[in-house]
1. Have a look at PHE36, PHE73 and point out the one that is out of contact with any strand residue (DSSP E or B) (no Cβ under 7 Å at 6 or more places or on another chain), at pLDDT below 95 and aromatic (Phe, Trp, Tyr).
2. Name the helices (runs of 4 or more DSSP H) wholly within the chain that hold at least 2 residues that are in contact with a Ser or Thr (Cβ under 7 Å, 6 or more places away or on another chain) and open to solvent by less than 70 Å² (accessible area, probe 1.4 Å)?
3. Could you please tell me which pairs satisfy a Cβ distance under 9 Å, a separation of 6+ or placement on different chains, a first residue in segment 5-27 that is within 13 Å of LYS65 (Cβ to Cβ) and among the small types (Gly, Ala, Ser), and a second residue that is open to solvent by less than 40 Å² (accessible area, probe 1.4 Å) and part of a loop (DSSP other than H, G, I, E, B)?
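The values are calculated or read from the model by the stated rules, or taken from the named source; none is laboratory data. Remember, predicted model here, so these are calculated numbers, not experimental data. When we count neighbours, we look across all protein chains shown, and the Cβ atoms used for this are built from the backbone with ideal geometry, even at glycine. Each accessible area value is taken on the protein alone, full model and side chains, heavy atoms only, with ligands, DNA and RNA left out. Shrake-Rupley method; radii C 1.70, N 1.55, O 1.52, S 1.80 Å.
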Amino acid sequence: MKNTLNKRKYSSLQQIRKRDGAVVPFDEKRITRAIFRAMQAMKEGDETSAEKVMYKVLDSLLVFKEERKINIFVPQVEVIQDVVENELIVSGF
């Protein structure tokens, strides 16, 4: 049930723009892996913590979209990276 609700909530996050300008499908698992690698480098957190931070990142991206009244939202990878860094700090990692 949780996955169904999350998929509906985050359905507007369909694509991202990579550094080279290519637009690719949005994959929250890649964000989770990146967060987990950062946590491993700091010797803190686990996969469950990484997933929790990932959902905070997705929530922040949705707030970004809403605040700017963006209909078709294709975040740049740099924006996602900045949000990840911020959420790691806010979450105490």
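1. PHE73
2. Fully inside the chain and qualifying: 47-67, 77-90.
3. SER12/PHE73
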